[in-house]
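Below you'll find the structure, written out as structure tokens, and then a few comments.
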């Protein structure tokens, strides 16, 4: 049985950063599920598909090919064979991903791929419904969160560092609040803490401190 680690939580909680570091330290494979949903969102945007047009989205699921590969130990997201790592972190793609992920066919297609990866090897997987839906039997489940203000500031700093102009901290916080409502109230696989997940609040912790805490939990709970 693989010792898979599931990390769930709202946008901006630091899930991806923490999950990558944990995977590196424990020699696990990191699976960025959010990147897969973002790749789907990018495809829909390119095709001009309305996020509320369920029929067109479901048809797209039958055509689109989204896979993960690893190049020099870095995860690469392939959309129909194209490396889209540098194209899926925009606010536009984030908003589309939040909307399109409500579609049952989208989730069905991507969850199947995620579960297949977890069956092959030990993985650290982060997202919104990993512990509740994708990997309900995960060896360790973490619900990573932080206050809305802290998450907004982190996102603001990240965008400023990338040289993105015309961004407003207030608008980012408003967007995060809206995405939280969408993720927590959607009909299919809503964001929530699994009953057996351990709550970790990163509001006052650095990424390194969060990683140290979770790695300690892994070692405390590890059983051959």
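The values are calculated or read from the model by the stated rules, or taken from the named source; none is laboratory data. Owing to the predicted nature of the structure, the values given are computational and were not obtained by experimental measurement. Cβ coordinates were reconstructed from backbone atoms using ideal geometry, including for glycine residues, and neighbour counts include every protein chain displayed.
State all residues of region 67-82 that are surrounded by 12 or more Cβ atoms within 10 Å (Cβ to Cβ) and either at pLDDT below 85 or closer than 21 Å to residue 164 by Cβ (or both); if no residue qualifies, say none.
Residues satisfying the conditions are 67, 68, 75, 77.
In this structure, does residue 23 turn out to be touching a residue at least 24 places away in the same chain (Cβ under 8 Å), surrounded by 14 or more Cβ atoms within 10 Å (Cβ to Cβ) and assigned to a helix (DSSP H, G or I)? Break it down stepwise before answering.
Working: touching a residue at least 24 places away in the same chain (Cβ under 8 Å): yes; surrounded by 14 or more Cβ atoms within 10 Å (Cβ to Cβ): yes; assigned to a helix (DSSP H, G or I): yes.
In short, yes.
Looking at region 123-139, can you tell me whether even one residue there is free of Cβ contacts under 8 Å to residues at least 60 places away in the same chain and on the phi > 0 side of the Ramachandran plot?
There is no residue in region 123-139 that is free of Cβ contacts under 8 Å to residues at least 60 places away in the same chain and on the phi > 0 side of the Ramachandran plot.
Could you list, in sequence order, all residues of region 139-150 that are in contact with a helix residue (DSSP H, G or I) (Cβ under 9 Å, 6 or more places away or on another chain) and either more than 29 Å from residue 115 (Cα to Cα) or at pLDDT 95 or above (or both)? So that I can check it myself, show each step before the final result.
Residues of region 139-150 that are in contact with a helix residue (DSSP H, G or I) (Cβ under 9 Å, 6 or more places away or on another chain), as a first pass: 139-146, 148-149.
Within region 139-150, 140, 141, 142, 143, 144, 145, 146, 148, 149 meet the criteria.
Here are 157, 201: which of them is exposed (fewer than 13 other Cβ atoms within 10 Å of the Cβ) and either without any contact (Cβ under 8 Å) to a residue 24 or more places away in the chain or in contact with a strand residue (DSSP E or B) (Cβ under 8 Å, 6 or more places away or on another chain) (or both)? Can you show your working first?
Details: 201 fails: exposed (fewer than 13 other Cβ atoms within 10 Å of the Cβ).
Going through 157, 201 in turn, just one is exposed (fewer than 13 other Cβ atoms within 10 Å of the Cβ) and either without any contact (Cβ under 8 Å) to a residue 24 or more places away in the chain or in contact with a strand residue (DSSP E or B) (Cβ under 8 Å, 6 or more places away or on another chain) (or both): 157.
Looking only at region 199-224, which residues are over 23 Å from residue 151 (Cβ atoms) and assigned to a helix (DSSP H, G or I)?
Matches in region 199-224: 216, 218, 219, 220, 221.
What do you reckon, is residue 23 out of contact with any helix residue (DSSP H, G or I) (no Cβ under 8 Å at 6 or more places or on another chain) and either within 24 Å of residue 155 (Cα to Cα) or at pLDDT 95 or above (or both)? Spell out how you get there, then give the answer.
Values: out of contact with any helix residue (DSSP H, G or I) (no Cβ under 8 Å at 6 or more places or on another chain): yes; either within 24 Å of residue 155 (Cα to Cα) or at pLDDT 95 or above (or both): yes.
Here the answer is yes, as residue 23 does meet what is asked.
Scan region 104-127 for residues that are touching a strand residue (DSSP E or B) at 6+ places or on another chain (Cβ under 6 Å) and under 18 Å from residue 210 (Cβ atoms) and jot them down.
124, 125, 126
With region 31-112 as the region, which helices (runs of 4 or more DSSP H) entirely inside it contain at least 3 residues that are under 16 Å from the mean Cα position of the chain (by Cα)?
On the way: elements: 33-46, 54-63, 91-100.
It comes to 33-46, 91-100.
Run down 109, 89, 38 and say which single residue is buried (at least 21 other Cβ atoms within 10 Å of the Cβ) and closer than 27 Å to residue 187 by Cα.
On the way: 109 fails: buried (at least 21 other Cβ atoms within 10 Å of the Cβ); 89 fails: buried (at least 21 other Cβ atoms within 10 Å of the Cβ).
Going through 109, 89, 38 in turn, just one is buried (at least 21 other Cβ atoms within 10 Å of the Cβ) and closer than 27 Å to residue 187 by Cα: 38.
Taking the residues in region 160-198 that are surrounded by fewer than 17 Cβ atoms within 10 Å (Cβ to Cβ), in contact with a helix residue (DSSP H, G or I) (Cβ under 6 Å, 6 or more places away or on another chain) and assigned to a loop (DSSP other than H, G, I, E, B) as candidates, determine which candidate is modelled with the lowest pLDDT.
Out of the qualifying residues, it is 188.
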